[in-house]
Amino acid sequence: MKNFSSTKAALCFLPIAFLLLIVLSFPVEANVGVKSGDWAEYSVSSSWQSTISTLTPSYAIDMKWVKYEVTDVADNDITANVTAHYKNGTETSTVQTGNVLTQSGDLSLMFIQTDLGEGDSVGVWTSYMGSPKSFTLNDTFSRNYLGTTREVNHLDASFSYSFLQMHFIGYWDRATGVACEILVEMSASSLGGSMTSSIAYTLTETNAWGGTPFWMQLWFQVIVIATSAVVVVSFVFFRKYRKRTSVRTEIPETG
């Protein structure tokens with residue numbers, strides 16, 4: 001029963017899996033690709049199934065979107081204001097920090113180093129069980145985000161401790177280190193019960209590399225449609241006006 005309680009506590013962090021890890025060792029210097037004023041917004045989708053009565057889903061299950069706004073960058077540390085919007089319309093705002101070398105801090109893997117490639121480490125941790133593990137990128141390739149083709153780094157990692165199994169998939173923009181997609185899947189089976197949970201973050205907008213091209217953004221499309229409508233209406237009105245004026249000028253005078 002104590003194991004279930006500890007799992008419940010673990011589910012209260014974002015992203016869920018990697019906040020369970022403690023730093024073991026790290027390099028001295030990193031390439032940080034974001035600066036103060038950069039931001040990234042994500043849609044959030046999640047699922048939860050459990051036959052274990054002592055486990056309840058974390059608040060992350062009720063999130064609709066989350067926005068990370070960088071407020072400070074010092075050496076390898078990033079500080080961000082994190083705004084979470086929930087399905088019931090409420091919002092919370094917290095200040096989170098993270099180190100892109102060690103992945104220590106509560107920002108976890110929302111930002112990694114820039115210019116990494118296949119086989120490069122995204123951080124070195126030791127698990128709660130004391131066994132060190134280094135997670136390295138699987139590959140680097142081009143992928144479309146926000147209407148533009150970006151070079152991205154990809155990580156697919158699975159690990160477990162005690163009765164809990166975790167699967168993590170991440171994609172990061174190689175030039176900025178900003179997360180483009182994050183998926184965390186968890187499962188547990190013990191004492192006749194089971195639990196499965198997943199949470200996914202998908203980038204919907206960012207200014208880190210210019211965001212969505214302006215011709216694809218909703219505000220621009222609305223302006224184009226509204227302007228087109230005004231032009232059409234004005235043209236029709238002008239034609240009718242000219243026609244009426246022409247008819248009046250052609251009526252002969254009566255003596």
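What follows is calculated from the coordinates using simple rules that are stated; it is not laboratory data. Keep in mind the model is a prediction, meaning the values are calculated, not measured. Virtual Cβ from ideal backbone geometry, glycine too; neighbours counted across all protein chains shown.
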**Q.** Using θ = phi - 60° and Karplus 6.51 cos²θ - 1.76 cosθ + 1.60, couplings along region 74-88 (whole Hz; Gly, Pro as x)
**A.** 10, 6, 9, 9, 10, 10, 9, 8, 10, 10, 10, 10, 9, 4, 8
Q: Could you pull out every residue, at least 5 positions away or on a different chain, whose amide H is within less than 5 Å of the one on Arg150? Hs are placed 1.01 Å off N in the peptide plane, and Pro or chain starts have none.
A: Arg143, Asn144, Tyr145
Q. Under 5 Å between amide H atoms, partner at least 5 residues away or on a different chain: which partners does Asn207 have, H built in plane at 1.01 Å?
A. Trp39
Q.
Could you give each residue of region 105-110 its phi-based ³J(HN,Hα) in whole Hz, using Karplus coefficients 6.51, -1.76, 1.60 with θ = phi - 60°, and x for Gly or Pro?
A. x, 8, 6, 6, 9, 6
**Q.** Amide H partners (placed H, <5 Å) of Lys64, local residues excluded
**A.** His85, Tyr86, Lys87
Q) Distance from the Cα centre of region 50-85 to that of region 142-215, in angstrom? A) 13
Q. Spin-label point model (7 Å from Cα, Cβ direction): what's the Asp106 to Glu205 distance in nm?
A. 2.5
Q | Simple label model, 7 Å out from Cα along Cβ direction - Lys35 to Ser160, nm | A | 4.7
